[in-house]
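Asker: Attaching a single structure in structure tokens format; questions to follow.
The values are calculated or read from the model by the stated rules, or taken from the named source; none is laboratory data. The structure displayed is predicted, hence computed values, not measured ones. All Cβ positions, even for glycine, are placed from backbone atoms using ideal geometry, and neighbour counts span all protein chains on display. Protein only, heavy atoms only, side chains kept; ligands, DNA and RNA dropped before computing areas. Shrake-Rupley method; radii C 1.70, N 1.55, O 1.52, S 1.80 Å.
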Amino acid sequence: AMPLHCLLLLLACWGAASVAAQPPACKMRITDKGLALVKQEGLRFVEQELENISIPDLQGKHSKFHYNISNVKVTHLQLNFSELHFQPEQFLAFRINNGSIGVRFRRQLLYWFFYDVGSIQTWAEGVNIHTLLELSRDEGGRLKITNMSCSASIAHMHAGFSGTLRKVYEFVARLITRGVRYLLSQQICPALNHAALVLLNSLLDTVPMRNPVDEYVGNDYSLLSDPHVTAESIDLDFKGMFFPLRSENETLPNVAPEPLLMETERMVYLGLSEYFFDSALFSYYRAGALSMEFVGDKVPKDLEVLLRASFFGTLLLLDPDVVEAPLTLKLQVTKAPHCTIRPSGTYVFVSALLNIFLAPPDQPLILLSSLIMPFLFFFTTGSSKPLQTVPPLVPTLFPAPLQLLPLQAPLKSLLQMTIMPFINERTKRGVQIPLPEGMDFTQEAVRSHQGYLTIGADLRFTKGLREVIEKLQATPGHSLASTAQAPLKGGPG
């Protein structure tokens, strides 16, 4: 018999292989153009972090000189020469070259019996900072900065003095600035390390991963693998799956081909396979959201007139006391709808059961007709609001052939008056996409391909990195070391 530890190892390896083998239903590519925008906001964030560096006091003596340096503050920064670029296969490289940092501190100097107190303004020139951020998928399926290497150097410092003994003590500037230069260079990398591994990771925690969409379904944007970085872009493979909230483990298998992202002209590209939409339709179906009932005044008047005309012969045979009773329509999708994406557009095939009743007061419902209705919707792409959602699809109705030709006109009216508003309302909301808080898509362009959609867009910041992080810090019960959006209980991720 196989030993227990071997069996457990085999099951673990099989589970890891099955996750890796699952094709992504949602893929995202951020290009070097998008990274250039991130660099602008990231540089502001780095400047704010360096301005808040905490530098310890320094004291000592040299021959007859005693000195004490305190209240060290960064007063200004010039980081004009910086770059942020992709580095295969999992890295972002951030460099600052030939920057300058202004530092002001309080001095206390004692030489024999002469005592001087004043402030010193120093300038660190030739500041070079090189960092390398490693990006990986964590155990929960989130994108994380898992490691960071950093080196910082200062070429030279010079100081300006004020006070009564300015000329006397200028010659000790080299001694004092050497100590400040050492202290400053030692604080740069720890500050940036905290900014990346704690603060920026808390920002990445705001990327929606496994969250409810509405009262019926949730979606899962967990990463399936580590990001793939080339010199021009970073590609992220997301599960891109929906699930019914009442039974999160009841999901549709993904057998659709994965989206292909080939372009690099825009800042960001998003690819969505047929499975992305099929799993949403399946989840709404299993959640019971695709069953509707229209009673009395809820039945549109135009539709009621059409239906009474169509069933005129049947109504003549009924008791006159119930003929004028209100109509009740019960529409129920009989199986999960299916989505097909082609270059010409997106098609959704639906099969529904329609029961038409008379509802006389205080009496059982009287069935007028029960029909199985196969029909499809053809979708064309539309505009997107809000920007942080997948652009909604604008549907156009094409009923499939029905068994009873005389009823095609009223049934088409039924779909247009009842189903279409429901679909339009859902599509107007869009679906949240995996971006951190404070980032949006803008200028979207949607294209249909064989089996998937692609959305090319530009990025914009609606909030600064510092603003979002300070909001997270101010959230009661939030810890920057913890996950900002915890997975839903009972589900994977």
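Asker: ASP297 - would you say it is of a type outside the set (Lys, Arg), assigned to a loop (DSSP other than H, G, I, E, B), surrounded by fewer than 16 Cβ atoms within 10 Å (Cβ to Cβ) and modelled with pLDDT under 90? Don't jump to the end; show me each part of the working.
Answerer: On the way: of a type outside the set (Lys, Arg): yes; assigned to a loop (DSSP other than H, G, I, E, B): no; surrounded by fewer than 16 Cβ atoms within 10 Å (Cβ to Cβ): yes; modelled with pLDDT under 90: yes.
No; evaluated as a whole, the condition is false for this residue.
Asker: Taking LEU50 as the residue in question, decide whether it is assigned to a strand (DSSP E or B) and modelled with pLDDT of 90 or more. Don't jump to the end; show me each part of the working.
Answerer: Working: assigned to a strand (DSSP E or B): no; modelled with pLDDT of 90 or more: yes.
Answer is no for this residue.
Asker: State which residue pairs qualify: first residue outside the structural domain of GLY118 (by the TED database) and in a strand (DSSP E or B) and inside region 67-87, second residue at pLDDT below 90 and open to solvent by 20 Å² or more (accessible area, probe 1.4 Å) in any location, beta carbons under 7 Å apart, and separation of 6 or more residues or different chains.
Answerer: Hits for this filter: zero, empty list.
Asker: Looking only at region 311-357, count how many residues are open to solvent by 50 Å² or more (accessible area, probe 1.4 Å), part of a helix (DSSP H, G or I) and in contact (Cβ under 8 Å) with a residue 40 or more places away in the chain.
Answerer: Of all residues in region 311-357, those open to solvent by 50 Å² or more (accessible area, probe 1.4 Å) come to 312, 314, 316-317, 319-321, 324, 326, 330, 332, 334-335, 338, 342-344, 347, 349.
Remaining after also requiring part of a helix (DSSP H, G or I): 312, 314, 316, 320-321.
From what's left, in contact (Cβ under 8 Å) with a residue 40 or more places away in the chain: 314.
Summing the residues that are open to solvent by 50 Å² or more (accessible area, probe 1.4 Å), part of a helix (DSSP H, G or I) and in contact (Cβ under 8 Å) with a residue 40 or more places away in the chain in region 311-357 gives 1.
Asker: Take the residues of region 33-73 that are aliphatic (A, V, I, L, M) and over 19 Å from GLY118 (Cβ atoms): which is farthest from the chain's Cα centre (by Cα)? If you could, list the steps in order and put the result at the bottom.
Answerer: Step one: of region 33-73, the residues aliphatic (A, V, I, L, M) are 35-38, 43, 46, 50, 53, 55, 58, 69, 72.
Those still in the list that are over 19 Å from GLY118 (Cβ atoms) too: 35-38, 43, 46, 50, 53.
Details: LEU35: 16, ALA36: 19, LEU37: 17, VAL38: 15, LEU43: 22, VAL46: 23, LEU50: 28, ILE53: 31 Å.
The extreme case among them is ILE53.
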